[in-house]
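Notes follow once the structure below has been shown.
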Amino acid sequence: MTADELKKQAAYSALDHITTGGIIGVGTGSTVNHFIDALATIKGKIDGAVSSSIVSTKRLEAHGIEVFELNEVGTIQSYVDGADEANHYLQLIKGGGGALTREKIIAAASEKFICIADESKLIHVLGKFPLPVEVVPMSRSYVAREIVKLGGQPIYREGFVTDNSNVILDVHGWDIMEPISLEKTLNNIVGVVTNGLFAMRPADVLLLGSEDGTKVINPK
Ligand code: 5RP
């Protein structure tokens, strides 16, 4: 099976893990695109969605699924999103698609975070995938210098602007042994809006598409 077929398998499996009858939180990315298509098959059983990006909103609406602002709804029961890397504690690196800030907000506001991915995303130590950091544009060089002091190698994602009108630094060269500590440290640099470590609020369950069917991984 291709990586995309494995993503699709995980995405459709998520239907068995969401709480229907309410609003579903929806992430961003190629795996989530499959989930949105899957969600459309049960759209009569949900009230609508809260979306983490303009691109996901468009896909949801194209399927006739109503999209609400997070401020309009209460706590979300189920949030479904992909990841760039996951460890066995279900701490994640996210933001390859640049939607990390809204994704982190919806994850924080949700009871259950269901992460969907192909099985190549499960690794032992986070950091091989460059860690995205969303920054206010005028702070870009300053934040980059602070990250270098922490041992990272930040690369400006040129030509990319987030849905929040900010820019992204992708940080290479880190073996992230203490994800919670690094997440907090990066958050404390003035000018950082969000970083792509989802360690303080990890996923609650990880669904991995594999040749042997979808694997359900619970945190260690
Ligand atoms: C977007 C994300 C995505 O979830 C992450 O990049 C994984 O993407 P894909 O499902 O395309 O592999 O964090 O900001």
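Summary table below
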| item | result |
| --- | --- |
| Of residues in the stretch 21-39 being under 20 Å from residue 99 (Cβ atoms) and among the small types (Gly, Ala, Ser), the one nearest to the chain's Cα centre (by Cα) | 27 |
| Every residue from the stretch 96-133 that is charged (D, E, K, R) and either touching a strand residue (DSSP E or B) at 6+ places or on another chain (Cβ under 6 Å) or near the ligand (Cβ under 10 Å from one of its atoms) (or both) | 102, 103, 104, 111, 112, 118, 119, 121 |
| Restricting the stretch 45-71 to residues that are away from the ligand (no atom under 16 Å from the Cβ) and part of a loop (DSSP other than H, G, I, E, B), the residue that is surrounded by the most Cβ atoms within 10 Å (Cβ to Cβ) | 65 |
| Conditions (1) touching a helix residue (DSSP H, G or I) at 6+ places or on another chain (Cβ under 7 Å); (2) closer than 20 Å to residue 216 by Cα; (3) part of a strand (DSSP E or B); number of the one not met by residue 78 | (1) |
| Candidate set from the stretch 72-83 (those that are surrounded by 22 or more Cβ atoms within 10 Å (Cβ to Cβ) and not aromatic (Phe, Trp, Tyr)); member that is farthest from the ligand (Cβ to nearest atom) | 76 |
| Search result, residues across the stretch 24-44 that are in a loop (DSSP other than H, G, I, E, B) and either more than 13 Å from the ligand (Cβ to nearest atom) or farther than 15 Å from residue 115 by Cα (or both) | 41, 42 |
| Pairs, first surrounded by fewer than 20 Cβ atoms within 10 Å (Cβ to Cβ) in the stretch 192-206, second acidic (Asp, Glu), C-beta under 9 Å, six or more apart | 193/134; 200/183; 204/111 |
| Enumerated strands (runs of 3 or more DSSP E) restricted to the stretch 113-178, each holding at least 3 residues that are surrounded by 15 or more Cβ atoms within 10 Å (Cβ to Cβ) | 131-135, 167-172 |
| The stretch 16-33 residues that are closer than 15 Å to residue 70 by Cα, paired with ones that are in a helix (DSSP H, G or I) and small (Gly, Ala, Ser) (beta carbon under 6 Å, 6 or more apart) | 26/56 |
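No lab work stands behind these numbers, since they all come straight from the coordinates. It should be emphasised that the depicted structure is a prediction, and the values quoted were computed from it without experimental measurement. Cβ coordinates were reconstructed from backbone atoms using ideal geometry, including for glycine residues, and neighbour counts include every protein chain displayed.
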